[in-house]
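> Dropping a structure here in structure tokens format, bear with me for questions.
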Amino acid sequence: MQLTPHFTKEELEASRIASEEKIDNRIPDHLLEKAIRLCERLEDVRAFLGKHYKEEVRMSITSGYRCHALNSHRRVGGQKYSQHMDLEAADFIPSNTAPEDAWFGIRDSDVPYDQLILERNKLGATWIHYSIAPMNRKPRRMAFRLEKK
């Protein structure tokens, strides 16, 4: 299901670990409006990156929605109150540029974000965690790096 011009419900739900562990990670109907809201903000990020780099920048979502069972699975290592469970966060890798460069660009822009985290795992894979504030709260604009050991 297409939620916005460049993002689908299926890519927010996709999870290798959920598939392997047979966890139902489908977005419940009552959270669909939140999924659309998150994707609209991801469209803003995508548009900014395209303008910043003067070429189309695609965003590969590596982790979007996480149901409670997936988020709490040991292989995921999600935080207890992860914004992924509330459809307020998505992890992505941008095309045409290093995640670190895109992270700096977004951080220094006027694109709204609640948290912007440049994450790197112990194997060296790098991605951007982008989150939006809940409807009743102003974005905190917290930007930092996180290396997982």
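Read-outs: derived from the displayed coordinates by stated rules, not from any lab. From a predicted model like this one, the values you see are computed outputs, not experimental measurements. Reconstructed Cβ throughout: ideal geometry from the backbone, glycine too, with neighbour counts over all protein chains shown.
> State all residues of region 109-130 that are touching a Lys or Arg at 6+ places or on another chain (Cβ under 9 Å) and either in a loop (DSSP other than H, G, I, E, B) or among the small types (Gly, Ala, Ser) (or both); if no residue qualifies, say none.
Answer for region 109-130, where residues must be touching a Lys or Arg at 6+ places or on another chain (Cβ under 9 Å) and either in a loop (DSSP other than H, G, I, E, B) or among the small types (Gly, Ala, Ser) (or both): 111, 112, 113, 114, 121, 122.
> Quick check: anything in region 53-74 under 19 Å from residue 112 (Cα atoms) and among the hydroxyl-bearing types (Ser, Thr, Tyr)?
Checked against the condition, which is being under 19 Å from residue 112 (Cα atoms) and among the hydroxyl-bearing types (Ser, Thr, Tyr), region 53-74 yields at least one hit.
> Looking at region 131-149, which of its residues are more than 24 Å from residue 33 (Cα to Cα) and in a strand (DSSP E or B)? Give the derivation first.
Within region 131-149, the first condition is being more than 24 Å from residue 33 (Cα to Cα), and the residues that meet it are 142-149.
Listed by number, the residues that qualify are 142, 143, 144, 145, 146, 147.
> Search region 107-149 for residues being in contact with a strand residue (DSSP E or B) (Cβ under 9 Å, 6 or more places away or on another chain) and among the basic types (Lys, Arg), and hand back the single one that is surrounded by the fewest Cβ atoms within 10 Å (Cβ to Cβ).
Looking at the filtered set, the residue picked out is 122.
> Given (1) out of contact with any strand residue (DSSP E or B) (no Cβ under 8 Å at 6 or more places or on another chain); (2) in contact (Cβ under 8 Å) with a residue 60 or more places away in the chain, where does residue 22 come up short, assuming only one miss?
(2)
> How many of the residues making up region 31-57 are of a type outside the set (A, V, I, L, M) and within 12 Å of residue 7 (Cβ to Cβ)? Don't jump to the end; show me each part of the working.
Within region 31-57, the subset of a type outside the set (A, V, I, L, M) is 33-34, 37, 39-41, 43-44, 46, 48, 50-56.
Still in the running and within 12 Å of residue 7 (Cβ to Cβ): 37, 39-41, 43-44, 46.
Residues that pass the stated criteria total 7.
> Looking at 38, 49, 32, 87, which is the one that is among the aliphatic types (A, V, I, L, M) and at positive phi?
87
> Which residues, counting only those in region 88-108, are outside any helix (DSSP H, G or I) and touching a residue at least 40 places away in the same chain (Cβ under 8 Å)?
Those that are outside any helix (DSSP H, G or I) and touching a residue at least 40 places away in the same chain (Cβ under 8 Å): 88, 89, 90, 92, 94, 96, 97.
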